[in-house]
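*Asks:* For reference, the structure I am asking about is given below.
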Amino acid sequence: MSETNRISKKRIIKITALSLAALLTAGIITAAFILYGRIASILSVRNVADELYTMNFQQDYHLDKALSSEIKSKNDLMKFICDDMFFGYQMKSGPIRYACSAFSTETPDVEHLVGRNLDFNSIETLSLYTHPDGSYASIASADVSIAGIGKYQGVPFSSAEGKIALLASPYLCVDGMNEKGLSVSILDVDMGELHQDTEKPDLFMLVAVRLLLDRAADVDEAVGLLRQYDIHSGHGWTQHLFIADAGGKSVVVEWEKDKMNVADSHACTNFALSSKDAQENPTEMCLRFNTINEWLEKKPENSAQDAMELLRNVSVSFTQWSCVFHLDDFSVDYAIDCDYGKIYTLRPDDF
C-alpha cells in the first residue's frame, strides 16, 4: 500500500471517528435537554412531614397539547399523561371521588383567604409548585392516587418508581392558587357523569383545574375560559368548581347537561347550588354547608387561624388535608390528617 493510500485511510478513520463522536455528543446533549426538567423535578421531591410532600415541577407539561387532545375521561387523561411524560409506558389508575368543603373569607386586614378540606380515603398530600413559561406560577394540591401513586397504592413517594410517577402530577391537582390570587377547588356532586356536547373543544375536569391555574388571573377570566369548552367528568359523578380571587369574588361553577351555571357564593360542599332542591331548601342540603355559612355570617372577618378552625369544624374522619390559601401573598397553610396542632406554611421558596 502506498504512503498516500495509508494517509487517506487514516484520514477516513479519523473523520469517521470524529463524526461518530459528534453524533454521540449531540445525542447525549439532546437526551440531557429532554430529560433535564424531568430529572430536576424528580430530585426536588421533599418529605415535609408525615404524608406531606412537596415538588418543584420544572418540566414542560404541554398544556396546549392537552387542551387539543379531546380528553373526555380519566382513561383519556391517563393515556395522554403516559404518552407525553412516560414515552407510552402505561400507569395504573385509581378512583376520583371527593366529599369536600371550601369557602372564601376576608381577614381583618382585608386580605383574602380560601379554605379547603379534601375528604377522601387514604391518600397522601403532594403540594406542587409549577412555574411554566408564559403562564402563571401556582401552588396546588395533587391527588396522585388517581395515578396509582402513594404508599396506600403500593408505590411510595420515597421509591424511585414513585418519584418518577409524580411527573404526572400537574394534571392531578384538585385545589390550588396562582400568583395572581386565583384559587380553584374541585368538589363532587352526585348528579351522574357530565359529558357536554355543543361542538366546542372537550375539557376534562382535572385539566380544567390546570387551565385555570395557569391562565386565569381572576374569577371573570376563569369563567370566560370555561365557557369555551364542553366539560366532561367521570366515575359516575360530576363535579363543580369553587373559584375565588384576590379581589374578593367567589363563585361556584356547575354544569347541567349542556348548560353552565355560575352562582355567587362564599361556600361550597357537595350539592349543586343551582339545583331546584337547593334553590327551594338551601338549609336542608348539607350540614357542612350550613356550618360554614353560619360561621361566616357571625364572623365575616377571619384570620388564617380562624379559617383553619372552621375547616376543623367541618372536617370528617377521612379528611386528608385542610389548606388555607393566602390569595394576596401566594402562600398556603396545610394541616394533614386532621392534625390541626401542626400547620405547615409553604411559599414558592420552600419548593
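*Asks:* Going through the range 147-188 one residue at a time, which ones are among the small types (Gly, Ala, Ser) and assigned to a strand (DSSP E or B)?
*Replies:* Scanning the range 147-188 gives GLY150, GLY176, SER183, SER185.
*Asks:* Condition (residue is more than 22 Å from SER135 (Cβ to Cβ) and at pLDDT 95 or above) applied to the range 279-287: is it met by at least one residue?
*Replies:* Within the range 279-287 (the criterion being more than 22 Å from SER135 (Cβ to Cβ) and at pLDDT 95 or above), the answer is no, since none of the residues qualifies.
*Asks:* Residues ALA142, ALA147, ALA137: which one is more than 16 Å from GLY181 (Cα to Cα), open to solvent by less than 20 Å² (accessible area, probe 1.4 Å), in contact with a strand residue (DSSP E or B) (Cβ under 8 Å, 6 or more places away or on another chain) and of a type in the set (Gly, Ala, Ser)?
*Replies:* Answer to the selection: ALA142.
*Asks:* Another one. Residues of the range 294-347 being of a type in the set (S, T, N, Q) and within 18 Å of ALA99 (Cβ to Cβ), which ones?
*Replies:* ASN313, SER315, SER317, THR319, GLN320, SER322
*Asks:* A follow-up question, please. For the range 313-325, does any single residue satisfy the condition of being closer than 30 Å to MET191 by Cα and free of Cβ contacts under 8 Å to residues at least 24 places away in the same chain?
*Replies:* Yes, that holds for at least one residue.
*Asks:* Checking SER185 against (1) open to solvent by 10 Å² or more (accessible area, probe 1.4 Å); (2) polar (S, T, N, Q); (3) under 20 Å from LYS74 (Cα atoms), which test does it fail?
*Replies:* The one condition SER185 does not meet is (1).
*Asks:* If you don't mind, another one. Hey, could you check the range 204-240 for residues that are polar (S, T, N, Q) and not in a loop (DSSP other than H, G, I, E, B) and say which is surrounded by the most Cβ atoms within 10 Å (Cβ to Cβ)? Break it down into steps so the answer makes sense when it comes.
*Replies:* Restricting attention to the range 204-240, the residues satisfying the condition of being polar (S, T, N, Q) are 228, 233, 238-239.
Filter again for not in a loop (DSSP other than H, G, I, E, B), leaving 238-239.
On the way: THR238: 22, GLN239: 28.
It comes out as GLN239.
*Asks:* Sticking with this structure for a sec: Among the candidates THR283, THR291, which residue alone is under 19 Å from THR105 (Cβ atoms) and of a type outside the set (D, E, K, R)?
*Replies:* THR291
*Asks:* Something else: Give the number of residues within the range 154-163 that are crowded, with 20+ Cβ neighbours inside 10 Å and farther than 16 Å from ASP143 by Cβ.
*Replies:* Count: 1.
*Asks:* Same structure, new question: Please go through the range 80-106 and pick out each residue that is at pLDDT 90 or above and more than 17 Å from the chain's Cα centre (by Cα).
*Replies:* Across the range 80-106, the qualifying residues are PHE103, SER104, THR105, GLU106.
*Asks:* Just one of (1) open to solvent by 10 Å² or more (accessible area, probe 1.4 Å); (2) at pLDDT 90 or above; (3) closer than 24 Å to MET55 by Cβ trips up LEU172, so point out which.
*Replies:* Status for LEU172: all satisfied but (1).
*Asks:* For the range 310-317, state whether one or more residues are open to solvent by less than 30 Å² (accessible area, probe 1.4 Å), within 18 Å of THR345 (Cβ to Cβ), modelled with pLDDT of 95 or more and of a type outside the set (Gly, Ala, Ser).
*Replies:* Checking the range 310-317: at least one residue is open to solvent by less than 30 Å² (accessible area, probe 1.4 Å), within 18 Å of THR345 (Cβ to Cβ), modelled with pLDDT of 95 or more and of a type outside the set (Gly, Ala, Ser).
*Asks:* Do we have any residue at all in the range 280-299 that's in contact (Cβ under 8 Å) with a residue 12 or more places away in the chain, open to solvent by 70 Å² or more (accessible area, probe 1.4 Å) and not hydroxyl-bearing (Ser, Thr, Tyr)?
*Replies:* No, the range 280-299 contains no residue that is in contact (Cβ under 8 Å) with a residue 12 or more places away in the chain, open to solvent by 70 Å² or more (accessible area, probe 1.4 Å) and not hydroxyl-bearing (Ser, Thr, Tyr).
*Asks:* Find all pairs meeting these conditions: Cβ atoms under 8 angstrom apart; at least six residues apart or on different chains; first residue within the range 158-173 and closer than 14 Å to LYS79 by Cα; second residue in a helix (DSSP H, G or I) and of a type in the set (Phe, Trp, Tyr).
*Replies:* TYR171/PHE80
*Asks:* Would you check if there is a residue in the range 245-266 being under 23 Å from ASP197 (Cβ atoms), of a type in the set (Ser, Thr, Tyr) and open to solvent by 10 Å² or more (accessible area, probe 1.4 Å)?
*Replies:* No, because not a single residue in the range 245-266 is under 23 Å from ASP197 (Cβ atoms), of a type in the set (Ser, Thr, Tyr) and open to solvent by 10 Å² or more (accessible area, probe 1.4 Å).
For (1) touching an Asp or Glu at 6+ places or on another chain (Cβ under 8 Å); (2) farther than 24 Å from CYS82 by Cα, each residue gets a yes or a no:
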site: ASP143; (1), (2): no, no
site: SER158; (1), (2): no, no
site: MET177; (1), (2): no, yes
site: LEU182; (1), (2): yes, yes
site: MET191; (1), (2): yes, yes
site: GLU199; (1), (2): yes, yes
site: LEU212; (1), (2): no, no
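The values are calculated or read from the model by the stated rules, or taken from the named source; none is laboratory data. Bear in mind that the values here come from a model prediction, so they are computed numbers and not experimental data. Please note: Cβ atoms are built from the backbone with ideal geometry, for glycine as well, and neighbour counts cover all protein chains shown. These area figures cover heavy atoms from the full protein model, side chains too; ligands, DNA and RNA do not enter into them. Shrake-Rupley method; radii C 1.70, N 1.55, O 1.52, S 1.80 Å.
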